[in-house]
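Presented below is the structure to which this report refers.
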There are 4 protein chains.
Amino acid sequence: MIRAKVIGASGYGGVGITELLTRHPEAQAAALVDIENVGKPISELYPHLDGFCDMPLVAPEDPTAQADADVIFMATPDGVGMKLAGEALSSGAKVIDYSGDFRFNTPKSYAQYATRIGLDTQHASPDLLSESTYGLAELHRDRINTNTRIVGNPGCFAVSCILGLAPALKKAVVEPRGLICDCKTGVSGAGRKPHAVFHYPARYEQMNAYKLAGHQHVCEIERELGLQAGTEVVVTFTAQVVPVCRGIMSTLYGTLTQPLTEADLLDMYKAFYADDTFVRVYGSTAAVGSMHVRGTNYCNLVISVDERAGKLRIVSYIDNLVKGQAGSALQNMNLLFGLPEATGLSIPGVYP
Amino acid sequence: MIRAKVIGASGYGGVGITELLTRHPEAQAAALVDIENVGKPISELYPHLDGFCDMPLVAPEDPTAQADADVIFMATPDGVGMKLAGEALSSGAKVIDYSGDFRFNTPKSYAQYATRIGLDTQHASPDLLSESTYGLAELHRDRINTNTRIVGNPGCFAVSCILGLAPALKKAVVEPRGLICDCKTGVSGAGRKPHAVFHYPARYEQMNAYKLAGHQHVCEIERELGLQAGTEVVVTFTAQVVPVCRGIMSTLYGTLTQPLTEADLLDMYKAFYADDTFVRVYGSTAAVGSMHVRGTNYCNLVISVDERAGKLRIVSYIDNLVKGQAGSALQNMNLLFGLPEATGLSIPGVYP
Amino acid sequence: MIRAKVIGASGYGGVGITELLTRHPEAQAAALVDIENVGKPISELYPHLDGFCDMPLVAPEDPTAQADADVIFMATPDGVGMKLAGEALSSGAKVIDYSGDFRFNTPKSYAQYATRIGLDTQHASPDLLSESTYGLAELHRDRINTNTRIVGNPGCFAVSCILGLAPALKKAVVEPRGLICDCKTGVSGAGRKPHAVFHYPARYEQMNAYKLAGHQHVCEIERELGLQAGTEVVVTFTAQVVPVCRGIMSTLYGTLTQPLTEADLLDMYKAFYADDTFVRVYGSTAAVGSMHVRGTNYCNLVISVDERAGKLRIVSYIDNLVKGQAGSALQNMNLLFGLPEATGLSIPGVYP
Amino acid sequence: MIRAKVIGASGYGGVGITELLTRHPEAQAAALVDIENVGKPISELYPHLDGFCDMPLVAPEDPTAQADADVIFMATPDGVGMKLAGEALSSGAKVIDYSGDFRFNTPKSYAQYATRIGLDTQHASPDLLSESTYGLAELHRDRINTNTRIVGNPGCFAVSCILGLAPALKKAVVEPRGLICDCKTGVSGAGRKPHAVFHYPARYEQMNAYKLAGHQHVCEIERELGLQAGTEVVVTFTAQVVPVCRGIMSTLYGTLTQPLTEADLLDMYKAFYADDTFVRVYGSTAAVGSMHVRGTNYCNLVISVDERAGKLRIVSYIDNLVKGQAGSALQNMNLLFGLPEATGLSIPGVYP
């Protein structure tokens, strides 16, 4: 049994992995650590877990928090995991970090990211960066294995955009510059902490764009798509919030480098993802939406072409809290321990 | 492996049991029958099932629909199951019917129910009525077993009201007359068929009472509570719809026959449900709501007493599509085949 | 032109009256006072007012806040208005207070209310209490006139319950004891301040009861209904939140003292409210709900009788922020200045 | 008093103009015509109008439907207005048509539009086309006056896109080809008729793109922007539905023809709309969204520039049922009768 420790267990990212662990046949929570709500059973904070996981939240300095673990999920904000990772690795645990702390392999690329979110550009554990792997299994599965010690779990918007555009850039059918990522997220993407703009009366009928000056996820999107393209990629990225709880719908546009039909692209995408359990590819008339991936680790891609304008358009749907966060983390854990990638993740979701 | 046939598979009740069967270790769908959407894979209608269940919906007269089955879920409106049950039983299958067709044991009690919903008061299979069992396992577990052939699955509102008041009536701590059941349901309770009052723009910010002249579920509530009380029970029942998708919140009031505290009642309720996996009992300050049972087979009961007015007040929360429908049906199936009652139903749900 | 000052202008209660004042032909905002967001134009905080009201929020000590006014709306929490009222009256202004501070006429009855919400039971201006009038115009119109100086605006739940039960108690057709007020409110009732339980992801699909130990509005409900009945009234009150923004649906139950039909009661209610613009009375089959009073000052009452159980049941719908707050306040202002009661309030709302 | 007849009064477009007419000081409804719900008072169908407009819906052949009118609002689907317009004009009434019937000035351009929506490409009144005016007052105010007889009210998506991009194309600061219009609409845009994909349980948590093969509004967008640009314009248009009731958020991208800052564009847009009451222009950090134009005739434009990628990005917010439909229609009516353009439309909306 894999012993998993969750740091930052009381947030949505933390409870997400805790929930998934209750269903996993080969792993279980060993400790739930947080600096808030210390002492409370997680099932008091999240009563749906009553009877499934009643472990208390413990402070980092609590002896329980020091318990041995095989893997540590850092469900923590930017800047925390980088300080804790060294000690965690020394204890023999593998580290899966939710934040941007380990999504970059050089201090320089990290600094560019940190600048965007107004954080210290100096990474706290720069020597660990080269060792970390970007945890998007569909593209980096070969480097996420039992020898891997650190995974930087990808950003939620980034997952949807990268999976949506990777095949087209790999095959060089779209221009690497001038890409548009028009992304709409559900409110849970902002986490558990209440805020004026996510207060129910201010949100239930509100849609709006935000961070128009630049969203930090663009760094990893351009880096990852650049790796596929073999050349620099430039993306215009728009973050928008709409009143759903879970879900990202990213509408992705690129200029075709050659006349291609939807059928051509459908074949190309299906081939690209042929071995990927969690990516489903659809034609433009399929009646799929964000609700059909809710509560699951799937990414649904809908392919279309605007032949008049010479544009490829991909609509990419994920659940921001699963494929965009805890689900990808668990998928990575499975790979880190040599388990089948979908272990504990073969869940159809609940509808409606 | 238990072979399950679902009649009426394309409605919410049908897809609900189909979804649950994909997770059940000892049962699987043998045929999905419907008169609408014939020929379509259920995963085209419900794309979240893509890769989990891609069986086509077949017409009743299709040979596939005649396949042998160990159990048949009649996820059909009132009046259908009563016509199909005889033949189903003859084929050796057990029958679990979602409608009111088999919730009553005499033609007379059925007729009272049928009158309320404007149906023919003549039951189509009157001789089967005495054999059927009311499928609320918490109260009738002893009569739902491998010898049982027909189960009348309870109404969603009824489940919430009966579980909420049964202990108090059994112990005679509330008056059997003058009970109030003030019930609020999510919109999925009305099923899959679009209707003007459930059109998103007409509902997202709308709450209203309906069927004020009398709701049919009151029949089974009064019958079941009467069985607990050992005397006639009279209930004033109000059905209301609020803009949630899943969930029932029933607020239940009764006049105390003696001065009792919340602590007294909490003890009584916890003792009554001590052996019931799916009922959780809470005191009046617990922060639980409908969202904490969403997607699960649980019933959460919150106990309070208005000492000034001499009233018991129970708030009862269920997911109308699970404990109120497909989940109870699966719980009954488990009992009918001698399996542990919670098989395939130990799911914490997904939050938020 | 009536000069109106709003204290606590940046909350929902404050912006509500500010919004209404922009449409009022005989009154206008003279100053918007608050201790938060000082210096910001209200239209920056509430951009829908851009071009309609761009006045800045000013601190209480700001000279602008001292400007002469004919009426002061205290859109402030309990305990604030009672401290400011004396000086306001001295300046020649009339006072309309939103909180419980002036809903009671004796220090003793105030103390009972204050106890329920954990406040100091000692009123700060006890000598003003006898002078204040409970601002439910439908019942106390004769005492809200140009000679009145202080109005205690009623609580939102209270408005819905009192209007719903007043005729029945006045005519003694229901027992004064054993009344049930089962109330469901939209989230805006909790105000503008974000909170964990009103965070969009925690609320969009959540319904729950709260304050089961006792809600403070029961004091004014029992007092007002007692005045109608001419005897003591006892109410069991349940507060519940459902995911709508605006609206209260209160379902009210009483035991009939004599056999009466819905038609009898409909006549009685229509006669009682014959001269009230803002109360509409409907029979049990009318398809009305909370959305039909949204954004308006109306109270819709749906009358039904459960003859089997001998119960009267009234479903009472209001917009908690209009008839339950700012609308009633403006209706009171109109009366205080001798204007037609509906001035500036004849708005049908917007649908859907 | 302007006498207004509404054809198709029972849909959202019809009730929208009826609602606005109740507030208009110089116009009033003369007849409400429909082929559905004939005989019912509109306030029975839309109870928020109870007491404000209780006129019955009458059939087209009803004598009341023949009453004289000064203006006829054709709140009807494509293909209806073109058949009724001739007779209406003969009666001396002006015509404002909501559909695409009069948005084009030649049979050929109409045919291209009709092809996209699968209608007969032959216009029923081709000789009236050259006379009709596209009813976007901000761009065509000079041709909407007391001499104008027919106005083709613009499409909801089109209003948001055209207002958002017109200044940039007029000033030739973006390339006329390769424009992206990524549009998200609330559900009310689909009208009053229930449909499986707008059923509350299927929509409350669902976002999805639709009509990916091509949306009909692209015709008028390209035509209108082409008029501004003085050259052919090519737009890639994506229609998406999110779970709000009212509102369109269109995110519009164009490639800058020269390096320009946000400040440059802000100046350009403010100058362009200096005389337009109903367009508000904001910089990229303004906290505005769809909810701030809800229930109003405003269009809020948020300007931003992605300097790295050389892209202009405009986020355009309207209420699809007001500025996108009935509000623009009333604005047009005002111009047709020589009234100030904002008469009856100066409404801040209601928040939250």
So if I check each of A:Ala166, A:Ala158, which one is crowded, with 24+ Cβ neighbours inside 10 Å and out of contact with any strand residue (DSSP E or B) (no Cβ under 8 Å at 6 or more places or on another chain)? A:Ala158
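Kindly indicate which of A:Thr22, A:Thr76 is closer than 26 Å to A:Thr148 by Cα, among the hydroxyl-bearing types (Ser, Thr, Tyr) and within 14 Å of another protein chain (Cβ to nearest Cβ). Break it down into steps so the answer makes sense when it comes.
Working: A:Thr76 fails: within 14 Å of another protein chain (Cβ to nearest Cβ).
Going through A:Thr22, A:Thr76 in turn, just one is closer than 26 Å to A:Thr148 by Cα, among the hydroxyl-bearing types (Ser, Thr, Tyr) and within 14 Å of another protein chain (Cβ to nearest Cβ): A:Thr22.
Residues being acidic (Asp, Glu) and within 21 Å of D:Gly214 (Cα to Cα): count how many of those fall in region D:82-136. So that I can check it myself, show each step before the final result.
Initially, region D:82-136 is screened for residues acidic (Asp, Glu), giving D:87, D:97, D:101, D:120, D:127, D:131.
Keeping just the survivors that are within 21 Å of D:Gly214 (Cα to Cα) gives D:101, D:120.
Summing the residues that are acidic (Asp, Glu) and within 21 Å of D:Gly214 (Cα to Cα) in region D:82-136 gives 2.
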Tell me yes or no: at least one residue of region D:201-208 is under 21 Å from the mean Cα position of the chain (by Cα) and under 20 Å from A:Tyr317 (Cβ atoms). no
So C:His195 fits all but one of (1) more than 7 Å from every other protein chain (Cβ to nearest Cβ); (2) more than 30 Å from B:His215 (Cβ to Cβ); (3) free of Cβ contacts under 8 Å to residues at least 24 places away in the same chain; (4) not aliphatic (A, V, I, L, M); what number is the exception? (1)
If I ask for residues that are farther than 20 Å from D:Val293 by Cα and more than 7 Å from chain D (Cβ to nearest Cβ), which ones from region A:198-215 would you list? A:Lys211, A:Gly214, A:His215
Within region B:303-323, the count of residues that are farther than 15 Å from B:Ser160 by Cα and more than 7 Å from chain C (Cβ to nearest Cβ) comes to 4
Pair list, Cβ < 8 Å and 6+ apart or interchain, from region A:223-248 residues that are outside the structural domain of A:Ala196 (by TED's automatic domain parsing) and at negative phi to residues that are outside any helix (DSSP H, G or I) and modelled with pLDDT under 95: none
Of all residues making up region C:140-150, the number that are closer than 20 Å to C:Ser109 by Cα and buried (at least 20 other Cβ atoms within 10 Å of the Cβ): 1
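In this structure, is A:Asn300 within 14 Å of chain D (Cβ to nearest Cβ) and either in contact with a strand residue (DSSP E or B) (Cβ under 7 Å, 6 or more places away or on another chain) or free of Cβ contacts under 8 Å to residues at least 24 places away in the same chain (or both)? So that I can check it myself, show each step before the final result.
Numbers: within 14 Å of chain D (Cβ to nearest Cβ): yes; either in contact with a strand residue (DSSP E or B) (Cβ under 7 Å, 6 or more places away or on another chain) or free of Cβ contacts under 8 Å to residues at least 24 places away in the same chain (or both): yes.
Yes.
Taking the options C:Pro56, C:Pro41, C:Pro47, name whichever one is within 14 Å of chain D (Cβ to nearest Cβ), touching a Pro at 6+ places or on another chain (Cβ under 6 Å) and over 21 Å from C:Phe337 (Cα atoms).
Numbers: C:Pro56 fails: within 14 Å of chain D (Cβ to nearest Cβ); C:Pro47 fails: touching a Pro at 6+ places or on another chain (Cβ under 6 Å).
Only one candidate passes the filter, namely C:Pro41.
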Among (1) among the basic types (Lys, Arg); (2) within 29 Å of B:Leu45 (Cα to Cα); (3) surrounded by fewer than 22 Cβ atoms within 10 Å (Cβ to Cβ), the one test that B:Arg203 misses: (3)
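Restricted to region D:216-235, and to residues that are at pLDDT below 95 and closer than 22 Å to D:Ser290 by Cα, which residue is surrounded by the most Cβ atoms within 10 Å (Cβ to Cβ)?
Step one: of region D:216-235, the residues at pLDDT below 95 are D:216-219.
This time we only want the ones that are closer than 22 Å to D:Ser290 by Cα, so: D:217-218.
On the way: D:His217: 27, D:Val218: 24.
Filtering first and then ranking leaves D:His217.
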Looking only at region C:169-183, decide whether some residue is outside any helix (DSSP H, G or I), out of contact with any helix residue (DSSP H, G or I) (no Cβ under 8 Å at 6 or more places or on another chain) and surrounded by 23 or more Cβ atoms within 10 Å (Cβ to Cβ). yes
For a quick check of your reading of the model, give me the residue pairs whose first member lies in region D:265-292 and is within 12 Å of chain A (Cβ to nearest Cβ), whose second is of a type in the set (Gly, Ala, Ser), with beta-carbon atoms closer than 6 Å and at least 6 apart or on different chains. D:Ser284/D:Ser304; D:Ser290/D:Gly247
Would you mind finding the one in D:Ala124, D:Ala69 that is surrounded by 20 or more Cβ atoms within 10 Å (Cβ to Cβ) and in contact (Cβ under 8 Å) with a residue 24 or more places away in the chain? D:Ala69
Single residue of region B:333-343 satisfying the filter (within 21 Å of A:Leu49 (Cβ to Cβ) and under 17 Å from the mean Cα position of the chain (by Cα)) that is nearest to the other protein chains (Cβ to nearest Cβ): B:Ala342
Using the structure shown, decide if D:Arg308 is over 23 Å from D:Gly186 (Cβ atoms), among the basic types (Lys, Arg) and surrounded by fewer than 23 Cβ atoms within 10 Å (Cβ to Cβ). yes
Can you tell me how many residues in region A:283-307 are of a type outside the set (D, E, K, R) and out of contact with any helix residue (DSSP H, G or I) (no Cβ under 8 Å at 6 or more places or on another chain)? 4
Out of the residues in region B:230-248 meeting the condition of being assigned to a loop (DSSP other than H, G, I, E, B) and of a type in the set (Val, Ile, Thr), tell me which one is farthest from D:Gln206 (Cα to Cα). B:Thr231
Could you check how many residues of region D:228-253 are facing another protein chain (nearest Cβ under 7 Å) and of a type in the set (Ser, Thr, Tyr)? 4
Which is on the phi < 0 side of the Ramachandran plot and in contact with a strand residue (DSSP E or B) (Cβ under 7 Å, 6 or more places away or on another chain), of C:Tyr98, C:Tyr110? C:Tyr98
Quickly run through region A:218-227 and pick out the residues that are under 15 Å from the mean Cα position of the chain (by Cα) and away from chain D (no Cβ under 14 Å). A:Glu220, A:Glu224
Report the residue count in region C:11-37 for those that are in contact with a strand residue (DSSP E or B) (Cβ under 9 Å, 6 or more places away or on another chain), surrounded by 15 or more Cβ atoms within 10 Å (Cβ to Cβ) and assigned to a loop (DSSP other than H, G, I, E, B). 3
Scan region D:38-62 residue by residue and report those that are assigned to a loop (DSSP other than H, G, I, E, B) and under 24 Å from D:Gly324 (Cβ atoms). D:Tyr46, D:Phe52, D:Cys53
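Does at least one position in region A:103-118 carry a residue that is part of a helix (DSSP H, G or I), within 15 Å of A:Val6 (Cα to Cα) and away from chain B (no Cβ under 14 Å)?
No.
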Residue list for region C:319-344, filter: surrounded by fewer than 24 Cβ atoms within 10 Å (Cβ to Cβ) and either of a type in the set (Asp, Glu) or closer than 13 Å to C:Thr18 by Cα (or both): C:Glu341, C:Gly344
Can you tell me how many residues in region B:72-93 are surrounded by 23 or more Cβ atoms within 10 Å (Cβ to Cβ) and more than 12 Å from B:His123 (Cβ to Cβ)? 5
Confirm whether B:Ser132 is of a type in the set (Ser, Thr, Tyr) and under 30 Å from B:Val234 (Cβ atoms). yes
Exactly one of these conditions fails for D:Leu345: (1) within 25 Å of D:Thr185 (Cβ to Cβ); (2) in a helix (DSSP H, G or I); (3) not hydroxyl-bearing (Ser, Thr, Tyr). Give me its number. (2)
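The values are calculated or read from the model by the stated rules, or taken from the named source; none is laboratory data. Model, not experiment: these values are computed from the prediction. In this analysis, Cβ positions are derived from the backbone assuming ideal geometry, glycine residues included, and neighbour counts consider all displayed protein chains.
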